[in-house]
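This report refers to the structure that appears directly beneath it.
The values are calculated or read from the model by the stated rules, or taken from the named source; none is laboratory data. Everything numeric in this text was worked out from a predicted model, so none of it was measured. Every residue, glycine among them, receives a Cβ derived from its backbone with ideal geometry; neighbour counts consider all protein chains shown.
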Amino acid sequence: MKNLLLIFAKNPDLGKVKTRLAESIGEQKALEIYQILLNHTFKIASSINADKKVLFTQRLEKLPILEKHKFEQGIQMGKDLGDRMSNAVKIGFKKGYQKIVIIGADLFDLQTTDLEKAFEGLESYETCIGPAEDGGYYLLGLSFWDKSLFQEKAWGTDQVLAQTLKNVSSKSILLLDEKNDIDTVDDLKKSPKLVALLNTL
């Protein structure tokens, strides 16, 4: 397999996930939303023609969907998000993967077709980026490793996308559709299907 999908995720622990959202709706509801997002991410990734690896923040998880679809698991290594992504991508290319796509677990709008477009796009483009509405990105696809992509970024701010695009300005870039990741109540209001699903729990 020449393709690798890396999923960066937090362990689903009460009070540790979706903390900005929890300020408005409470820690329990925030955890329920994160669990929905996590399961959605694993589901849409399960049929992708790529090796799949979930990198958790604290520990490995015994989740049936991961075992059923043969997701590899690991622990994120590094002092910040950029360092952790850089390490994972570098290891992936050292193992011989030719196309690596990174996603998080914050996007209810993300679909299997988005992941397919990213891997297919990397046949012709050196970089693929999925812009998020908040000024970050929800997907980063690479056919090369460059540590500058992950350094000196204001992670968690609206500057990340612009800073990353500057790093790859000399590369060929495929931009996917802009999407809404779920970090705040305002984000949640933009995803009525997620709200409806939450109300059935």
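Values for this structure:
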item	result
Residues of segment 14-44 classified as under 18 Å from the mean Cα position of the chain (by Cα) and outside any helix (DSSP H, G or I), total	3
Among (1) modelled with pLDDT under 95; (2) on the phi > 0 side of the Ramachandran plot - the single one Gln151 does not satisfy	(2)
Flag if Phe119 is crowded, with 18+ Cβ neighbours inside 10 Å, closer than 16 Å to Ile48 by Cα and among the aromatic types (Phe, Trp, Tyr)	yes
Any hit, segment 182-191, residues being part of a helix (DSSP H, G or I), touching a residue at least 40 places away in the same chain (Cβ under 8 Å) and within 22 Å of Lys43 (Cα to Cα)	yes
Residue within segment 147-159 that is aromatic (Phe, Trp, Tyr) and not in a loop (DSSP other than H, G, I, E, B) present	yes
Conditions (1) of a type outside the set (Phe, Trp, Tyr); (2) in contact (Cβ under 8 Å) with a residue 24 or more places away in the chain; (3) on the phi < 0 side of the Ramachandran plot; (4) in a loop (DSSP other than H, G, I, E, B); number of the one not met by Gly135	(3)
Restricting segment 75-115 to residues that are surrounded by 20 or more Cβ atoms within 10 Å (Cβ to Cβ), aliphatic (A, V, I, L, M) and not in a loop (DSSP other than H, G, I, E, B), the residue that is nearest to the chain's Cα centre (by Cα)	Ile103
The listed residue being small (Gly, Ala, Ser) and closer than 21 Å to Trp145 by Cα, out of Gly26, Gly82	Gly82
Hits in segment 116-131 (condition: in a loop (DSSP other than H, G, I, E, B) and either out of contact with any strand residue (DSSP E or B) (no Cβ under 9 Å at 6 or more places or on another chain) or not acidic (Asp, Glu) (or both))	Leu122, Ser124, Tyr125
Positions within segment 169-181 being without any contact (Cβ under 8 Å) to a residue 60 or more places away in the chain and within 19 Å of the chain's Cα centre (by Cα), in sequence order	Ile173, Leu174, Leu175, Glu178
Qualifying positions in segment 8-40 - at negative phi and surrounded by 21 or more Cβ atoms within 10 Å (Cβ to Cβ)	Ala9, Val17, Leu21, Ala30, Ile33, Tyr34, Leu37, Leu38
Among (1) surrounded by fewer than 17 Cβ atoms within 10 Å (Cβ to Cβ); (2) part of a loop (DSSP other than H, G, I, E, B); (3) touching a strand residue (DSSP E or B) at 6+ places or on another chain (Cβ under 9 Å), the one test that Ile48 misses	(1)
